[in-house]
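Undergrad: Provided herewith is a single structure, encoded as structure tokens, for subsequent inquiry.
The numbers here are math on the coordinates, done by the rules we state, and not lab data. These figures come from a predicted structure and were not determined experimentally. Every residue, glycine as well, gets a Cβ built from its backbone with ideal geometry; the counts of neighbours run over all protein chains shown.
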Amino acid sequence: MQPIVAETEDSYRDAMNAVERALERFKNSSDVEKEKLRQELAGLRAMHDKMQCGRVEIVVFGEISVGKSALINALIGRDVAAVDVRGGWTKEVWQVAWDGAGYCLPGLGVSQVVLVDTPGINEVGGSTRGERAREAAQRADLLLFVTDSDFNEVEHDSLSSLVTFHKPIIVVLSKSDLYSPDQKARLLHVLTQERLVGLVPAEHVVTAAADPREREYIIESADGSVRSEWRKPQPDVSELRAKILEMLDREGLAIVALNAALFAADKTDRLASLRVRLRNERASQVVWSYATLKAIAVGLNPIAVADVFGGAAVDVAMIVTLAAVYNLELSWTHARQLALSIGKAAGFMTAGVLLTTLATSAFKALTIGKGTLLTALPQGAAAGYGSYIVGEAARYYFEHGSSWGGEGPKKVVEQILARTDKDSVVQKLREEIRKRLLTNPHSGNDDVLKS
Ligand SMILES: Nc1nc2c(ncn2[C@@H]2O[C@H](COP(=O)(O)OP(=O)(O)OP(=O)(O)O)[C@@H](O)[C@H]2O)c(=O)[nH]1
Ligand SMILES: [Mg+2]
């Protein structure tokens, strides 16, 4: 049987591989996509960096002024965080190395424990700060939730949402110097037996006095005289420190590994759906702009489009542009074949036949004046509609990894035709042609177009 440490070391390596695979998967995103996915990718890179240097992150949450920053100072043993009586003092998420923790992830030569301070949860209303706190919680290995009295509703809600991150949580009852032993015992009872039931196990609740208030000490001198002096007692965070180290010693490596694996899975899903959304939006724009281009070109000047290659080139260019949206490289020859096979599957006349027809009608139209536009308008819209269908089918093909997904092009095109509202697409295309012609001062066909 494999020893437990070796097993967890394996899962640490597996988790790191999962993060690397996630980064690899999004490497081939376009520059525009990378820019849009920047934040999520940065999160993955930060996680990779965290795992490489064996960093354990402990994130401190709680309402304003409950003593989160004071707790960090007391654990570190010096004043690194600003503490103030005024609430809302900590404005940003920030972190500090806890060198004195004396903990090292097993199997890793070096590791580091860091404490992450956050603004109070009620302060975190602003969306960017809230987002930062959420990110910190997502990357955290261990959460400290600090309260200085009985739990209120805001604290309950906030802790409940942190529980959904599936991280180990320690609840700290701070400022314990302000309570008598009896009051403290009652508070702990209410917390562990009522408020936190189902959220945090009782053995994960500790007390601390990180920045105790001055108190009066009675000092007896050697000569027997007695005097009183007000002094600040030493901070007492020993119970918290022991609980953190006990949890890390018992399952630190597994916690960090599980956390990274969950993080990688979550980011991969998020990145994948973001990329799909970006590609969908861009692909729709490309299809629509090429369909409009075709409609206007045919509508305005059927003769020019009568060039068989010129007309087909609009669809081919659309397909090449669409391939680029999916970060695929496609030759013009391949794009032309794809356009033809979609056209065939759709039962469209092949590009040549279609355009010859157009040329004939356009030639006829030229001789009959205003009638040109009466025929050009529907012809343009029809041609644009054809390109729209070709574009939608090509889009399906790229979305499915350059394949028809076992369906075959005919079936796919049938489905696209069935779900497309032809009338509204044609109507929109007619509008585009009409708009373009109305802005052409030389058309001289305003009365026809307005009809
Ligand atoms: N009596 C007592 N007061 C404490 C203790 N810890 C913190 N305080 C006081 O509580 C106040 C707030 O402490 P901070 O550490 O700034 O609290 P915080 O949660 O970081 O506050 P924000 O950053 O503003 O959200 C300060 O006046 C501290 O001196 C403690 O253990 N005992
Ligand atoms: Mg603070």
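Undergrad: With θ set to phi - 60°, apply the Karplus curve 6.51 cos²θ - 1.76 cosθ + 1.60 along the stretch 315-332 and write out the HN-Hα couplings as whole Hz, x wherever there is a Gly or Pro.
TA: So the J values, rounded to whole Hz, are 5, 5, 4, 4, 5, 5, 5, 4, 4, 5, 4, 8, 6, 10, 9, 9, 6, 5.
Undergrad: Sort 249-261, 216-228 by the packing proxy (mean of other Cβ within 10 Å over each peptide's residues), most packed first.
TA: Those peptides, ordered most packed to least, come out 249-261, 216-228.
Undergrad: Hey, can you rank 388-396, 334-342 by average C-beta count inside 10 Å, highest first?
TA: 388-396, 334-342
Undergrad: Could you compute how fast the stretch 70-190 diffuses translationally, taking Rh as the Kirkwood radius over C-alpha pairs and applying Stokes-Einstein at 20 °C with viscosity 1.002 mPa s? Give it in µm² per second.
TA: Estimated via Stokes-Einstein, D reaches 133 µm²/s.
Undergrad: Please work out how much length the chain gains when fully extended from S180 to E220, using 0.36 nm per residue of separation minus the C-alpha to C-alpha distance, in nm with one decimal.
TA: Value of the extension gain: 11.9 nm.
Undergrad: Residue-wise, which Karplus ³J(HN,Hα) couplings in Hz belong to the stretch 153-159, taking 6.51 cos²θ - 1.76 cosθ + 1.60, θ = phi - 60°, and x for glycine or proline?
TA: 5, 4, 5, 4, 5, 5, 5
Undergrad: Then there is this: Highest first, please rank the peptides 181-190, 107-116, 420-429 by the mean number of other Cβ atoms sitting within 10 Å of their residues.
TA: 107-116, 420-429, 181-190
Undergrad: Simple spin-label model, 7 Å along Cα-to-Cβ: A82 to R134 in nm?
TA: 2.7 nm
Undergrad: Something else: Students often forget the sequence filter, so: which lysines lie under 22 Å Cα-Cα from K50 once same-chain residues fewer than 8 apart are removed?
TA: K27, K34, K167, K267
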